[in-house]
1. Taking the condition in contact with a helix residue (DSSP H, G or I) (Cβ under 7 Å, 6 or more places away or on another chain) and either open to solvent by 60 Å² or more (accessible area, probe 1.4 Å) or in the same structural domain as B:ARG45 (by TED's automatic domain parsing) (or both), does B:HIS193 pass?
2. In the range B:126-167, how many residues are free of Cβ contacts under 8 Å to residues at least 60 places away in the same chain, under 27 Å from the mean Cα position of the chain (by Cα) and in a loop (DSSP other than H, G, I, E, B)?
3. Taking the stated definitions as given, is B:VAL35 of a type in the set (A, V, I, L, M, F, W, C), within 18 Å of A:ASN67 (Cα to Cα), at pLDDT 90 or above and part of a loop (DSSP other than H, G, I, E, B)?
4. Which condition number in (1) assigned to a strand (DSSP E or B); (2) in contact with a Leu (Cβ under 8 Å, 6 or more places away or on another chain) is the one that B:PHE188 fails?
5. Which ones in the range B:244-261 are assigned to a helix (DSSP H, G or I), farther than 17 Å from A:ILE66 by Cβ and not charged (D, E, K, R)?
6. Which residue out of B:GLY226, B:GLY278 is open to solvent by less than 60 Å² (accessible area, probe 1.4 Å), farther than 30 Å from B:THR145 by Cα and at pLDDT below 90?
7. Would you mind telling me which numbered condition in (1) modelled with pLDDT of 80 or more; (2) more than 15 Å from B:GLU88 (Cβ to Cβ); (3) at the interface with chain A (Cβ under 7 Å from one of its Cβ atoms) B:HIS270 fails?
Amino acid sequence: MPTRSKARKEEPAEAGSDIVMEEAPTSHQPESKDDDMSLPGSTPTAASFEFLNEGHTLGNALRYVINRNPEVEFCAYAIPHPSEPKMTVRIQTFEGTTAIEALEKGLRDLQDLCDVVTDKFIEARERFSAGASS
Amino acid sequence: MDFDPMVMDDAESLGPVVKISQADSVRTKFELSNVDISFANSLRRVMLAEIPTIAIDLVEIEENSTVLADEFIAHRLGLIPLNAEGVESLVNSRDCDCEGYCEHCSVRLTLHAKCTGDENMSVFARDLVPTGERLNQVLGTPIVTDSEGLGPLILKLRPGQEIKLECIAKKGIAKEHAKWAPSAAIGFEYDPHNKLHHTDLWYEQDPKAEWPPSEYAEWEEPPQEGEPFDYDAVPNRFYYNVETAGNLPPDAIVTEGIKVLQQKLAGLIHELTEGEGGDGANGDYNGPRSPEYNTGADGFGGYTTPFGNAGNQSAWGGAGGTTPYGTTPYGAGQSSWS
């Protein structure tokens, strides 16, 4: 009967894929605890992050904002499978900054953008009601 | 890093601009310009699906002698818009310490009607009465906007029929169920002349003659005769039409929508910065993890991904009996299950 341990023993015959699989964890450097984390195979300037329970709402806007950072070489997002509640963002930066910094900056920049739009909306709304009443 | 995310590449680098063309208690029409389409769409999506409101979620039916089935009535009750003012101070029922529900995470409404006359009787949303403790005096009250003050029709009773029930309204978002949607509809359009060719207009002879112009068509310059297609053009002006279902004022839908987006970001920034200090953040973390840690070996066999078989079996075919999904209880031949 093939058991799990037996299966493991058989593994070395398949060295190529096994090494690839085992190398992944050493380069895996998680930065964050909960919703998002970098996926295996990251280097300081190039990493993929996985966001749980996020979708196009955050992904597309975040991708755009990160791409506006001149120190970012590449940024894209994907939803690998529609029935998994996951969204991944790939960030590659030039030397001088890290992918994590670029992600954090992207998040903060998007927040600032939200602030500005809120202010503009409230301002426009006040101007509109002032114009309507006068 | 010295760049301003708000400054666009356009000639008028003023940052986002909002222009309101109509605003009343039912709808807000506005134009958002100088933002990217990705942000404009995020705002649309978040307003549509992620603003918390309150809706009936549990119904306990004590007496129902109407012709309608219990679950049918329960469904109708769920769809009745309730006033969501102050819903932010309501606790999400799943996060509440109570068992089931309590006054911190729900609003109780009762409905009791009996047709005693000899004509059919209609039961309206105004007959739903909020009872018990409430966070404020309006939260959870059914929205009544018609001139007679009746609200939506729930059901009708024949003489002698009776309906008696108790509802629990909870906080939620439209992503989970559309009954929590704050907006009846959100109009979103850009490029009214279809200069960017993002749409293919269906036509029999001539799309120009057959398609009515958008109401925003006169806001933008129509394309010149024989104008070459601009490959670099990007949409820049977005027209929203936010119509409320009554539970939140239309302006509040917009501001709340941006707020939800910001809360999302704030949560992520928090997690990102929190996690940086402690190394191996994934170590003692037993929530959702990145795929490679879900190896079949530690009992996670049920749902490993192709990447998840580190020391165990390769997804690409090591031991016999593995599936591409790793060591499923069915695939590994023998496992702790047997």
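The values are calculated or read from the model by the stated rules, or taken from the named source; none is laboratory data. Given the structure is predicted, the values throughout are model-derived calculations rather than measurements. In this analysis, Cβ positions are derived from the backbone assuming ideal geometry, glycine residues included, and neighbour counts consider all displayed protein chains. Heavy atoms of the whole protein, side chains included, go into the accessibility calculation; ligands, DNA and RNA do not. Shrake-Rupley method; radii C 1.70, N 1.55, O 1.52, S 1.80 Å.
1. Working: in contact with a helix residue (DSSP H, G or I) (Cβ under 7 Å, 6 or more places away or on another chain): yes; either open to solvent by 60 Å² or more (accessible area, probe 1.4 Å) or in the same structural domain as B:ARG45 (by TED's automatic domain parsing) (or both): yes.
Yes.
2. Result for the range B:126-167: 9.
3. yes
4. Here B:PHE188 clears every test but (2).
5. B:PRO250, B:ALA252, B:ILE253, B:VAL254, B:THR255, B:GLY257, B:ILE258, B:VAL260
6. Among B:GLY226, B:GLY278, only B:GLY278 is open to solvent by less than 60 Å² (accessible area, probe 1.4 Å), farther than 30 Å from B:THR145 by Cα and at pLDDT below 90.
7. Only one criterion is unmet by B:HIS270, namely (3).
Conditions tested, residue by residue: (1) farther than 20 Å from B:ALA23 by Cβ; (2) within 7 Å of chain B (Cβ to nearest Cβ); (3) surrounded by fewer than 16 Cβ atoms within 10 Å (Cβ to Cβ); (4) touching a Phe, Trp or Tyr at 6+ places or on another chain (Cβ under 8 Å).
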position: A:GLU95; (1), (2), (3), (4): yes, no, yes, no
position: A:THR98; (1), (2), (3), (4): yes, no, no, no
position: A:ALA102; (1), (2), (3), (4): yes, no, no, no
position: A:LYS105; (1), (2), (3), (4): yes, yes, no, no
position: A:ASP109; (1), (2), (3), (4): yes, yes, no, no
position: A:PHE128; (1), (2), (3), (4): no, yes, no, no
position: A:ALA132; (1), (2), (3), (4): no, no, yes, no
